[in-house]
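Report on the following structure.
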Amino acid sequence: MAAEFILETKGLTKEFKGFVAVNNVDLKVRRGHIHALIGPNGAGKTTFFNLLTKFLHPTSGTIDYNGVDITHERPAQTARRGIVRSFQISAVFPHMTVLENVRAALQRGLGTSFHFWKPESTLLHLHQQALKLLTEVDLQGFADELTVNLPYGRKRALELATTMALEPELMLLDEPTQGMGHEDVHRVTELIRKVAQGRTILMVEHNMNVVSSIADRITVLQRGAIIADGPYAEVSANPLVIEAYMGTADAALQGAH
């Protein structure tokens, strides 16, 4: 039987020349949950994600994934286990069509990602699979559109589709609604809710309305340390959290009820 927690960090710490960016973090992500990681700017959220994806090595502490210690694995090993990070940058090819982008991501899963010189006919078997993924993120009508022409929110939906093409068990979403207008925020929030079915999501997100509407659990970081962890109602009422945001997010926290 699969473990209750898909991801667990114990005492995870990262220091940069005396500056502690992530400070003794014990985090448990429950399988099948949408888990939000929030906190003021400089709280250590991005550094924490970089530790999970092995772009940084911890000073101390451990990372367990599906009950296996993956602390010292290389980034590619960890990705093959099913931990995939999205939205870190716009990770799509602007001058390929929307369908071609998803098909390229599907190729990675086959181990043929570098076979770009092969005739296109060899990729036709991926066509239906790519269209299915585009339908999941409501992009079926944009399949033949050049990616560079997509509105910003739709590009983010495409990034979601290319991430899903890698069949992640745990999706790390880095600021999925950053820079979006209200309509796009709503659309992408609903897409995250939809693609979370049968998957686990750990997301860094600033928008409290998004967090309050879809997160099963929230962890708050301040100066690299956890100051609160629990469901939204509990975390948003925590005096330490309100103080950490110095009133700026307090309004957002209260307004999101």
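Assorted remarks:
- Taking first residues from region 133-160 that are closer than 12 Å to ARG187 by Cβ and partners that are basic (Lys, Arg), the Cβ contacts under 7 Å between residues at least 6 apart in sequence or on separate chains come to LEU139/ARG154; GLY153/ARG187.
- Members of region 81-129 that are part of a helix (DSSP H, G or I), at pLDDT below 75 and not polar (S, T, N, Q): ARG108, GLY109, LEU110, GLU120, LEU123, LEU124
- Restricted to region 1-48, the set of strands (runs of 3 or more DSSP E) holding at least 1 residues that are more than 13 Å from ILE63 (Cα to Cα) and open to solvent by 30 Å² or more (accessible area, probe 1.4 Å) comprises 5-16, 19-30.
- Selection of region 149-168 for residues being modelled with pLDDT under 95 and open to solvent by 60 Å² or more (accessible area, probe 1.4 Å) yields PRO151, TYR152, GLU167.
- Restricting THR189, THR177 to those that are surrounded by fewer than 23 Cβ atoms within 10 Å (Cβ to Cβ), touching a Ser or Thr at 6+ places or on another chain (Cβ under 8 Å) and hydroxyl-bearing (Ser, Thr, Tyr) reduces the list to THR189.
The values are calculated or read from the model by the stated rules, or taken from the named source; none is laboratory data. This is a predicted model, so every value here is computed, not measured. Every residue, glycine as well, gets a Cβ built from its backbone with ideal geometry; the counts of neighbours run over all protein chains shown. Remember, those area values only see protein heavy atoms, side chains included, never the ligands or the DNA or RNA. Shrake-Rupley method; radii C 1.70, N 1.55, O 1.52, S 1.80 Å.
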